[in-house]
1. DSSP beta bridges in the chain, what fraction antiparallel, as a percent rounded to 5?
2. Read phi for every residue in region 144-155 and hand back ³J(HN,Hα) as whole Hz from Karplus 6.51 cos²θ - 1.76 cosθ + 1.60, θ = phi - 60°, with x for Gly and Pro.
3. Once amide H atoms are built 1.01 Å from N in the peptide plane, which residues 5 or more positions from Gly261, or in another chain, come under 5 Å H to H?
4. Which one of Leu604, Val625, Leu101 is farthest out on the positive end of the charge dipole of the chain, using unit charges on Cβ (Lys, Arg +1; Asp, Glu -1) and the Cα centre as origin?
5. Hey, how many Å between the Cα centroid of region 226-293 and the Cα centroid of region 509-588?
6. Angle between the Cα long axis of helix 339-357 and the longest principal axis of the chain, 0 to 90 degrees, nearest 10?
7. Give me the angle, in degrees from 0 to 90, between the Cα long axis of helix 107-117 and the longest principal axis of the Cα atoms of the chain, rounded to the nearest 10.
8. State in Å² the accessible area per residue of the chain; use a 1.4 Å probe, count heavy atoms of protein chains only, and round to the nearest integer.
Amino acid sequence: MSYRYGQYRDGPDPLAPPYDVRSALDKMGDSILSGSNPSHALRDLLKEGLPGAQDRRGLDDLLREVRRRRRELRERGRLDGTLERARALLDKAIGQERAELFPDPSDDARLRESELAGLPDDTASAIQELNNYQWRSAAARQTFEELRDLLRREVLDSQFRGMKQSLANPDPAAMERVREMMSELNDMLDRDARGEHTQDDFDQFMSKYGDMFPESPRNLEELVDTLARRAAATQRLLASLTPAQREELEELINQTLQDAGLAEQMQRLGESLYSRRPDLAWNTPERMGGEEPMGMGDAVTALDELADLTQLEAALRQDYPGARMDDIDEDAIRRALGRSAVDDLEALKQIERELEQQGYLRRQRGKLELTPKAVRRLGETALRRVFASLDAGRRGDHDQVDAGSAGELTGSSRPWRFGDEQPIDVVRTVVNGVRRGGNTGTVTLSVDDFEVAETESRTAAAVCLLVDLSYSMALRGTWAAAKQTAMALQALVASKFPQDSVQIIGFSNYARILQPDELAGLEWDMVQGTNLHHALLIAGRHLDRHPDFEPVVLVVTDGEPTAHLRRNGSAAFEWPPTQETLELTLSEVDKMTRRRATLNVFMLADDERLKEFVNEVGRRNGGRVFSTGADRLGEYVVSDFLRTRRTR
């Protein structure tokens, strides 16, 4: 036996390593940490393609290929080729007949010449009058039969792709078989409409007439889809012609079907197909270029492919609400771009499925969201970015992995109490179980056996990060940095200071508490108003709930307060800010001072009114003011937080 080895071509490589979905999440994270939301980030990932996957095209690559294919189809040729060819054959037959009649001096010859001269101008009417004409010229008779065969093949090919080849040689038996096929097809559709159709009926039909359907449909639904799309393309062909051309071609089609004994069956089929697929573009005209005339069958095929490509382009753009990769029809991709494009599409669909199945993405009421698992990973990424930007001399011990909620171990232990966060002393716990159980050979632990390792005392902190969500943050390009900073601080507290209680508050015209899970999908508010007054009220309640914790308050903003909360709960907005807004905001600053909470403010705009306000905050509270660009905001906030925690 001999063997030949080569590249595997029948689909994706079965021996290829599984794609690491975490790299896809990290790629999405780049967009999310730059200010995008999860839906847009996933869409960007799928458009660009899979990071690290060789020879795998993204949606943008497939979209470019679809558009290139559309341009090629539009430039293939003109749609009136059948009309032009039919007119040419008709003129040829008439010319051959006149050449035969000219030498004949008889009255019959002159009468025939007069009859030929009086033929209607339009091709369909002329052919209809010549159907009963007794040709004197054998060559003219043969040309006229060639014309009729051409029309019969083209008309049937416009409805059944490949019929032109089946009827290449005129054969009465072949036409009779076509009539039988259409009759049985219409009967099968009628039975299906009554709910009486079975798959066995379809299989028997295909065993008799399968050679007439090169698409090889597997069931009646696929057959109906194929025929309906082709029938709709025929109607689009007619709609794309000039009114005179359309009328002439319609007459030719009707006359040809009448002559073939298929008019009634074709009408039944057309009505049934339209009722089943009214969603298709049945009468939408198309613009075609090119110089070469196309036959009716080829023109319908081109228009059918164009309709496929138009729908495919819309699905590949994924720019409509609720768009999903499953909306993209694999059969349409295969027909338009081939098997390799199907493999690329399947790889992209697999990424979307894996992100959901592995617990990184979820859909809530049609909206794509990141799960807490994904948010934690992105928060860690944001934190790594911040630490990467810190100077080497200022990094401190942020890489320490054994830091917990209770500081360094002292070497002693004590009985476990409910709520303890210290590590379990495993050895002492097991020894307690053995002593209590005696020499029974088994150790059963009870609650009283557990002991925890004592550690040095570490003060917990109540942390409040107040983030400006107003429209100006997006206009100035600072929103992405604020979002990344919030995620980094959340990740830092959760990993290094789990005993701390952190609350992130977003504020625009109103303020609200932001849950960790919603940070990744958070977007700025397209409203006016910087209601720092409301944000400080919420932060104060958080500090009051933790009276024994050290208060840490950080404010990120790009503008002075322009809104405050009224007694009835509504927001008052004024620009420039009123004295009432400033007084109420500074009153909350004074309350923070009485709580011994230091407010550190991070300014993201070089505005004189903002400087004047934050300087007043610093004077009243004793906190620090930072004027930083968006590119270093995370570094400043995290460094200040770590400095505060180390100091306290």
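The values are calculated or read from the model by the stated rules, or taken from the named source; none is laboratory data. All values derive from a computational prediction rather than experimental measurement. Here the Cβ is made from the backbone with ideal geometry for all residues, glycine too, and neighbour counts use every protein chain on show. All accessible areas refer to the heavy atoms of the entire protein, side chains included, with ligands and DNA or RNA removed. Shrake-Rupley method; radii C 1.70, N 1.55, O 1.52, S 1.80 Å.
1. 40
2. 5, 5, 4, 4, 5, 4, 4, 4, 4, 5, 5, 5
3. For Gly261, whose amide H was placed from the backbone, there are no distant partners under 5 Å.
4. Highest projection toward the positive end goes to Val625.
5. Between the Cα centres of region 226-293 and region 509-588 lies a distance of 65 Å.
6. On a 0 to 90 degree scale, this one is about 30.
7. 10
8. Per-residue value: 51 Å².
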